[in-house]
1. Work out the FRET efficiency for residue 37 and residue 88 from their Cβ-Cβ distance, taking R0 = 41 Å, and round it to the nearest 0.05.
2. Identify which of 182, 95, 155 has the largest mean-square fluctuation in a Gaussian network model of the chain, with springs joining Cα atoms closer than 10 Å.
3. When volume of the Cα convex hull per residue in Å³ is calculated directly from the model, which label among (i) 177; (ii) 151; (iii) 117 fits?
4. Would you mind putting 111-122, 183-194 in packing order, based on average other-beta-carbon counts within 10 Å, highest first?
5. So what is the relative contact order for the stretch 11-112, in percent, with contacts set as C-alpha pairs under 8 Å and at least six apart?
6. Of the candidates 28, 178, 45, which one comes out as most mobile in a Gaussian network treatment of the chain with C-alpha springs shorter than 10 Å?
7. Mark the label point 7 Å from the Cα of residue 151 along Cα→Cβ and return the residues of the stretch 87-121 whose backbone N is within less than 15 Å of it.
8. How far apart, in nm, are two points set 7 Å out from the Cα along the Cα-to-Cβ line at residue 19 and at residue 56?
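Just so you know, all these numbers are worked out from the coordinates, no wet-lab data involved. None of these values were measured; they are calculated from a predicted model. Here the Cβ positions follow ideal geometry from the backbone for every residue, glycine too, while neighbour counts run over all protein chains shown.
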């Protein structure tokens, strides 16, 4: 016969849905108030939960922040990195990475992306997981730029500086992009990619038209 504690546990689907709801609310509070200034009681109050109820799902606000970041990094892996790895042409791969990164980073008002500077508050073992996953994207971007250099198309720039600058351009997008504004996210993403290409790639030589005799 199952124990009374086991009988009270929510079904997995219900539990996962509630965890996602908690993370969405916590992400907005962390962004608006700052992680350090937010207490577990603030999150519980927003969700109309007791602190004990919140601790049932997360043992600490650091664990909550880690799950929020993990969600964002999983989306990066599934929607940006893995599809880009299948693109053989490095210039097409670079454009795809920039455009798709821009598309996903602005979802839900870009709340998740705006929290990554708070990773300093995570315990070392959690911070290492986040850093390792961030480096996977950086290394793919840097290796792509190396391929473009090998093809003679990259300007005379430091590849690591170039890669970090591209990442910075995209990561700043949620701070100024407004859904329903003058630009759609696709238009903004394409313009960021165009700016990156103009800054990093040598212009394609124009073909001189043959003179008629």
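1. Once rounded, the FRET efficiency stands at 0.30.
2. Ranking 182, 95, 155 by mean-square fluctuation puts 182 first.
3. Entry (i).
4. My ranking of the peptides, most packed first, is 111-122, 183-194.
5. Value for the stretch 11-112: 26 percent.
6. Highest fluctuation of the listed residues: 45.
7. 87-98
8. With each label placed 7 Å out from Cα toward Cβ, I get 1.5 nm.
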